[in-house]
Amino acid sequence: MRIDASHKEILNGKTTDIYFQRAEEILKKEKKNPVVTAEVYARKLPSNYKWAIFSGLSELVELFKDSKIDIQALPEGSVFFEKEPVLTIQGKYLDFAKFETPLLGYICQASGISTKAARCKIAAEGRTVLSFGARRMHPAITPVIDRYAYIGGIDGVSAVLSAKKLNLEAQGTIPHSVILVMGDTLKTAIAYDRTLHDEIPRIILVDTFGDEKIETIRLAEKLKNKLDAVRVDTPGSRRGNLSEIAREIREELDDRGFNNVGIFVSGGLDEFSLPKLNPWVNGYGIGTSLSNAPTINFSMDIVEIEGKLITKKGKIAGKKDIFECQRCAGRAVVLSDTDEVKCQCGRKMETLTKPIMKKGKITEKTKNVAEIRNRVISQLRFLNV
Ligand SMILES: [Zn+2]
């Protein structure tokens, strides 16, 4: 049984909320279809985030190909803050009303995942972070989750299809099941080394049966410099202090001259658990907290009708742009037709939002995934979690 929406259904507006169909019905009957400007912004970011990463735009624009819609937006992969209009859409209202649901759906989840990935990457302080979240969500969106985690700055993904679409090599070791079937960690490691291609790193799970440190030393003494790293994925009930376990492994490896053997940790990690592990650990596999990242609650509201300022209670009317000062990074949200926006520091501010689509034609060359990710990475050093 297949129940996920096809692209055709999404592009035909079939995943819309019924109330947009009702709106269409009423406005068509009343012969009202004015030119409307609507803006998309997040009133509040989730989990006390101070900033977020905007992503999902390259998928969103597909909704309006061959329409008469204009879109202006922050470039995909940009940092944004609460109450900043990341996207403005302009056109006849009935040309885009029913697309509000999928439009928000594309960017709310994507931006949530990219933001979480960026937070984890910052917390890892240069260590490798891999996306292991495929198993936590519907498989139809596996490549979606991994794309936006990758855009957010993580280094690789475990799911084979995601890696293919991102032009990466999928990354991972072996599951506990192989060690259980083989009956012993060392026996499995020897078989792994004998069977798998030389280019695949020798990274062995060390928490299936015995103590993580004792298993690590057994492996290192037998495989010697062939052992690239061990992975610790100890269940929460047996963890005690994971950072102490990692420290013990690191110190005893070093004491025996195995300084080149790395330590990877996975299982229930997020941006808050990494700093305590960083002194001993070389890389992380992060699953649930990426795939189930808090969504960014963008909303879309009309701010002008036929060029006249109008909006609902609790919002500010008028088409606006996000401006930034290139000297002090100060930001402001100001009406788009303002002649010159001056920063508090005195310098003239530049517009960050750019025309993306004019009458259904993409005006800005669509950036590929690596370019979008590079934009994110270039901003990470100015941010903290
Ligand atoms: Zn300034």
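The values are calculated or read from the model by the stated rules, or taken from the named source; none is laboratory data. All values reported here derive from a predicted model rather than from experimental measurement. We place every Cβ from the backbone using ideal geometry, glycine too, and count neighbours over all the protein chains shown.
Is there a residue in region 352-373 that is within 16 Å of the ligand (Cβ to nearest atom) and modelled with pLDDT of 95 or more?
yes
Please state which one of Glu84, Glu59, Glu24, Glu39 is crowded, with 20+ Cβ neighbours inside 10 Å and touching a helix residue (DSSP H, G or I) at 6+ places or on another chain (Cβ under 8 Å).
Details: Glu84 fails: touching a helix residue (DSSP H, G or I) at 6+ places or on another chain (Cβ under 8 Å); Glu24 fails: crowded, with 20+ Cβ neighbours inside 10 Å; Glu39 fails: touching a helix residue (DSSP H, G or I) at 6+ places or on another chain (Cβ under 8 Å).
Among Glu84, Glu59, Glu24, Glu39, only Glu59 is crowded, with 20+ Cβ neighbours inside 10 Å and touching a helix residue (DSSP H, G or I) at 6+ places or on another chain (Cβ under 8 Å).
Can you report the number of residues in region 190-216 which are more than 16 Å from Asp233 (Cα to Cα) and not basic (Lys, Arg)?
11
Give me the residue from region 351-367 that is out of contact with any helix residue (DSSP H, G or I) (no Cβ under 9 Å at 6 or more places or on another chain) and not hydroxyl-bearing (Ser, Thr, Tyr) and, out of that set, surrounded by the fewest Cβ atoms within 10 Å (Cβ to Cβ). Working first, answer last.
Restricting attention to region 351-367, the residues satisfying the condition of being out of contact with any helix residue (DSSP H, G or I) (no Cβ under 9 Å at 6 or more places or on another chain) are 351-355, 358-359, 361, 363-365.
Restricting the remaining residues to those that are not hydroxyl-bearing (Ser, Thr, Tyr) gives 352, 354-355, 358-359, 361, 364-365.
Working: Leu352: 18, Lys354: 14, Pro355: 13, Lys358: 15, Lys359: 12, Lys361: 12, Glu364: 16, Lys365: 7.
Applying the filter and picking the extreme gives Lys365.
Taking strands (runs of 3 or more DSSP E) that do not extend beyond region 213-310, which have at least 2 residues that are surrounded by fewer than 16 Cβ atoms within 10 Å (Cβ to Cβ), of a type in the set (Gly, Ala, Ser) and modelled with pLDDT of 95 or more? Don't jump to the end; show me each part of the working.
Values: elements: 229-232, 262-266, 283-286, 298-305.
In region 213-310, there are no strands (runs of 3 or more DSSP E) which contain 2 or more residues that are surrounded by fewer than 16 Cβ atoms within 10 Å (Cβ to Cβ), of a type in the set (Gly, Ala, Ser) and modelled with pLDDT of 95 or more.
Considering only region 246-286, how many residues are in contact with a Gly (Cβ under 9 Å, 6 or more places away or on another chain) and among the β-branched types (Val, Ile, Thr)?
So the count comes out to 4.
Are any of the residues in region 311-327 hydroxyl-bearing (Ser, Thr, Tyr) and more than 29 Å from the chain's Cα centre (by Cα)? Working first, answer last.
Step one: filter region 311-327 for residues hydroxyl-bearing (Ser, Thr, Tyr), giving 311.
Now restrict to residues that are more than 29 Å from the chain's Cα centre (by Cα): 311.
Within region 311-327, one or more residues are hydroxyl-bearing (Ser, Thr, Tyr) and more than 29 Å from the chain's Cα centre (by Cα).
Look at region 181-204 and say how many of its residues are surrounded by 10 or more Cβ atoms within 10 Å (Cβ to Cβ) and either closer than 23 Å to Tyr284 by Cα or in contact (Cβ under 8 Å) with a residue 40 or more places away in the chain (or both).
12
Scanning region 311-327 for residues that are surrounded by 13 or more Cβ atoms within 10 Å (Cβ to Cβ) and within 16 Å of the ligand (Cβ to nearest atom), which turns out nearest to Ile113 (Cα to Cα)?
Kept after step one, since they are surrounded by 13 or more Cβ atoms within 10 Å (Cβ to Cβ), are these residues of region 311-327: 311, 315-325.
Keeping just the survivors that are within 16 Å of the ligand (Cβ to nearest atom) gives 322-325.
Numbers: Ile322: 23, Phe323: 25, Glu324: 25, Cys325: 28 Å.
The residue in question is Ile322.
What are the pairs, 6+ residues apart or on separate chains, where a residue within region 287-300 that is closer than 20 Å to Leu103 by Cα and in contact (Cβ under 8 Å) with a residue 60 or more places away in the chain has its Cβ under 6 Å from a residue that is surrounded by fewer than 24 Cβ atoms within 10 Å (Cβ to Cβ) and hydroxyl-bearing (Ser, Thr, Tyr)?
Pairs found: Pro294/Ser47.
For region 87-103, which residues satisfy the criterion of being of a type in the set (S, T, N, Q) and buried (at least 23 other Cβ atoms within 10 Å of the Cβ)? Let's see the steps before the verdict.
To start, the set of residues in region 87-103 that are of a type in the set (S, T, N, Q) comprises 88, 90, 101.
Thr88, the sole residue that qualifies.
Looking at Val281, Val333, Val261, Val303, can you tell me which residue is out of contact with any His (no Cβ under 8 Å at 6 or more places or on another chain), within 16 Å of the ligand (Cβ to nearest atom) and among the hydrophobic types (A, V, I, L, M, F, W, C)?
Values: Val281 fails: within 16 Å of the ligand (Cβ to nearest atom); Val261 fails: within 16 Å of the ligand (Cβ to nearest atom); Val303 fails: within 16 Å of the ligand (Cβ to nearest atom).
Step by step, each of Val281, Val333, Val261, Val303 is checked, and only Val333 is out of contact with any His (no Cβ under 8 Å at 6 or more places or on another chain), within 16 Å of the ligand (Cβ to nearest atom) and among the hydrophobic types (A, V, I, L, M, F, W, C).
Which of the residues that make up region 339-350 are over 16 Å from Glu84 (Cα atoms) and either within 11 Å of the ligand (Cβ to nearest atom) or surrounded by 12 or more Cβ atoms within 10 Å (Cβ to Cβ) (or both)? Before you say what the answer is, go through the steps one by one.
Kept after step one, since they are over 16 Å from Glu84 (Cα atoms), are these residues of region 339-350: 339-340, 342-348.
Lys342, Cys343, Gln344, Cys345, Gly346, Arg347, Lys348, listed by residue number.
Scan region 66-80 for residues that are of a type outside the set (D, E, K, R) and touching a Pro at 6+ places or on another chain (Cβ under 8 Å) and jot them down. Before the answer, list the steps.
Our first condition is that a residue be of a type outside the set (D, E, K, R); within region 66-80, this holds for 67, 69, 71-75, 77-80.
Within region 66-80, Ile71, Gln72 meet the criteria.
Would region 360-378 turn up any residue that is among the basic types (Lys, Arg) and under 21 Å from Val36 (Cβ atoms)?
Within region 360-378, the first condition is being among the basic types (Lys, Arg), and the residues that meet it are 361, 365, 367, 373, 375.
Okay, now just the ones that are also under 21 Å from Val36 (Cβ atoms), so 361.
Scanning region 360-378, I find at least one residue that is among the basic types (Lys, Arg) and under 21 Å from Val36 (Cβ atoms), so the answer is yes.
Would you check if there is a residue in region 143-150 being more than 25 Å from Ser266 (Cβ to Cβ), free of Cβ contacts under 8 Å to residues at least 60 places away in the same chain and surrounded by fewer than 21 Cβ atoms within 10 Å (Cβ to Cβ)?
Within region 143-150, the subset more than 25 Å from Ser266 (Cβ to Cβ) is none.
Within region 143-150, none of the residues are more than 25 Å from Ser266 (Cβ to Cβ), free of Cβ contacts under 8 Å to residues at least 60 places away in the same chain and surrounded by fewer than 21 Cβ atoms within 10 Å (Cβ to Cβ).
Where residues in region 42-71 are at pLDDT below 95 and touching a Gly at 6+ places or on another chain (Cβ under 7 Å), which of them is nearest to Leu87 (Cα to Cα)?
Going through the qualifying residues, I end up with Lys65.
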